[in-house]
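Okay, structure first, notes after.
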Amino acid sequence: MNAYVLLAIAIVCEIFATSMLKASVGFTKLAPSLAFIIVMSASFYAVSQALNQIPLGIAYAIWSGLGTALTALIAVFIWKETMNAYTVTGIILVIIGVVLLNLKGAGH
């Protein structure tokens, strides 16, 4: 399987797992707690497989950066958390950082 497809799967799993972490209410609810453990494990597995073809710095920047930015958006739209100028700026800076790291990697 293509390494970037695996990385995308890892990101989707991370986002879902993080939402389950929120839903677990501090690991006091069994179903979301188990879902978090299983899906986050799948995320780590997928990213570990992607690392066979993608350099660590690039893969981790994409995985954590896009995971963070998309999780922040999920927090707003699903969990009804508020977003302000600092949140938007932070998300934009994370995405810019991921793009810059990938440009560095492309010229590698």
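Every read-out reported here was derived from the displayed coordinates using simple, explicitly stated rules and does not represent laboratory data. Keep in mind that what you see is a predicted model, and the values were worked out from it rather than measured. For neighbour counting, all protein chains shown are included, and Cβ atoms are generated from backbone atoms with ideal geometry for every residue, glycine included.
Summary table below
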| quantity | calculated |
| --- | --- |
| Sequence of Val25, Val99, Val47 once ranked by neighbouring C-beta atoms within 10 Å, starting from the fewest | Val25, Val99, Val47 |
| Calculated on alpha-carbon atoms, Rg and Dmax of the chain in Å | 14.9, 47 |
| Hz values of 3J(HN,Hα) by residue in region 93-99 - Karplus curve (6.51, -1.76, 1.60), Gly and Pro given as x | 5, 4, 5, 4, x, 4, 4 |
| For region 69-81, Karplus couplings with θ = phi - 60° (6.51, -1.76, 1.60), whole Hz, Gly/Pro x | 4, 5, 5, 4, 5, 4, 4, 6, 7, 9, 8, 6, 7 |
| Chymotrypsin sites (Phe, Trp or Tyr not before Pro) within region 1-102, DSSP loop, no more than 14 other Cβ atoms inside 10 Å | Phe27, Trp79 |
